[in-house]
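Let me begin by presenting the structure, written as C-alpha cells, before commenting on it.
The values are calculated or read from the model by the stated rules, or taken from the named source; none is laboratory data. The shown structure was predicted, so the numbers you read here are calculated from the model rather than taken from an experiment. Cβ coordinates were reconstructed from backbone atoms using ideal geometry, including for glycine residues, and neighbour counts include every protein chain displayed.
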Amino acid sequence: MAAANHTFGVPIPHTRWNLPVRSAGHLKPNRCGSRLALAVAFYLMLDTAAHADLPLTIEDLIADQGTVRLNLALNYANSERDGLSLVPTGSNSYISVPTKNNSDILIGSLSLGYGLMRDTEIYGRGSYLYSNTRTNNLDKINTTEDNRLLDAWVGVNYQFKKDDATPALLGFAEAAALEEHLGTSNFFKSWMVGFTTYRTIDPVVFSFTSGYLFNLIRKAKNRDYRPGNYLFLNPAVDFAMNDHVTLTTGMQWVIRKADRYDGEAQDFRRTSTDLKLGVGYGVSKDDIAQATFTVNASGNGGSSLQLNWQHTF
C-alpha cells in the first residue's frame, strides 16, 4: 500500500472547547461556556487537528473535579486540486502538463478529560488517519493511500474567570506526545497555547478563540524538518433554539509559515479563511452529539464534516 504524504499542522481543535449544546434555560450570565476550535483541517482545515472538540456544554466546559469525560470524533474531508507537473522531454528540456487530484481523508479521534481541580482539567487525545488520493497525470490515474496513527496529545484546560461583569476567559496548553511523519516517530516536538473568551446574552453566546502552534525541528528521512508554525483566530456565535438544539456559525482565519527542510523554506507563508456551520443536540444529561461543517471560503481547500459524541461519567 503506497503512502501519501499528508502533513497536518492542527492538533484542530485538534481542539479543545466547543460552544455549546445547551438549553435556553442554561444560558445564564454567571455560568461558563466557550469554544476552542481547532480544526485547521484538510491541508489546514483538518489539522491536528484535527483534533476533537471538547467539551460541548456551557455548564460543563471544565470537567467537575473527580469526573471523567469521553469524547469521540470522526472527521471527513475532501478536496480537489488542479496543478501543473514538469515532464522531461530531453536532457535539459521540460513541458508543463496539467494534473488533477482528488482526495478523501478520515480522521478518528478519542479523547479523555479528567477534572483535576475545580477550574482545571487535564486531557489526552489520540487520532488515527486514513486517506485516499487519486491523481490524473497525462491520462494516467494513480491512487495512493495512507493508513496510520496520526498523533497523540496531552494538555490542560484552565478557567481563569467566569462570565460575569466581564466576559469569561479560559486558556489551554498542550503538547504532541507523539507524531508520525514519513515513517518517523517524533516526541514532544509540537506545542500549542491559546485562549477562549465568551459573553452570554440569552439566548446567544458570542465567543472568540485564538491559538498558536509552535513546531520544533525533527528528523524526516535523515533531514532536518520543521513544519510551519501557525496562528488561528475563531470568532463564533451560538444560538439556543430550544432546550435540546443549538445552532452555531463562525469563521476561522489561519496564517501559517512555510515548512522547512534543512533550514530552507519549501513554500511561502499562507493564509486561509474557513466558514463553519454546526448544530448540537443534547441527547441526555450526560450525552451530547454535534455536527460541524467547514468549508474553505478563500481558496480551493475543500470542505470537511466533523461528528462528535461526548459522554460524562
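Brief remarks follow.
- If the condition is being among the β-branched types (Val, Ile, Thr) and closer than 24 Å to Tyr114 by Cα, then segment 261-313 contributes Val283, Ile288, Thr312.
- Entry remark, segment 178-190: residues being assigned to a strand (DSSP E or B) and in contact with an Asp or Glu (Cβ under 8 Å, 6 or more places away or on another chain) number 6 in total.
- Boolean, Asn234 is of a type in the set (S, T, N, Q), at pLDDT below 90 and either assigned to a loop (DSSP other than H, G, I, E, B) or in contact with a Phe, Trp or Tyr (Cβ under 9 Å, 6 or more places away or on another chain) (or both): no
- Contacts under 6 angstrom Cβ, first residue in segment 65-86 being more than 28 Å from Thr120 (Cβ to Cβ) and loosely packed, with under 13 Cβ neighbours inside 10 Å, partner modelled with pLDDT under 95 and not aliphatic (A, V, I, L, M), 6 or more apart: Glu80/Asn102; Asp82/Lys100; Gly83/Thr99; Leu84/Ser96; Leu86/Tyr94
- Residue ID - nearest to the chain's Cα centre (by Cα), chosen from residues in segment 191-223 that are in a loop (DSSP other than H, G, I, E, B) and more than 28 Å from His244 (Cα to Cα): Leu216
- Filtering segment 290-305 to residues that are at pLDDT 90 or above and part of a loop (DSSP other than H, G, I, E, B) leaves only Ala297.
- Residue within segment 178-188 that is surrounded by 16 or more Cβ atoms within 10 Å (Cβ to Cβ) and over 24 Å from Ser131 (Cα atoms) present: no
- Hits in segment 129-166 (condition: hydroxyl-bearing (Ser, Thr, Tyr) and touching a Lys or Arg at 6+ places or on another chain (Cβ under 9 Å)): Tyr130, Thr135, Thr143, Thr144, Thr166
- Residues of segment 247-275 that are in contact with a Gly (Cβ under 7 Å, 6 or more places away or on another chain), in a strand (DSSP E or B), of a type outside the set (Gly, Ala, Ser) and within 20 Å of Gly302 (Cβ to Cβ): Arg256 alone.
- Within segment 203-231, the residues that satisfy the criterion of being polar (S, T, N, Q), touching a Leu at 6+ places or on another chain (Cβ under 9 Å) and crowded, with 22+ Cβ neighbours inside 10 Å are Ser207, Thr209.
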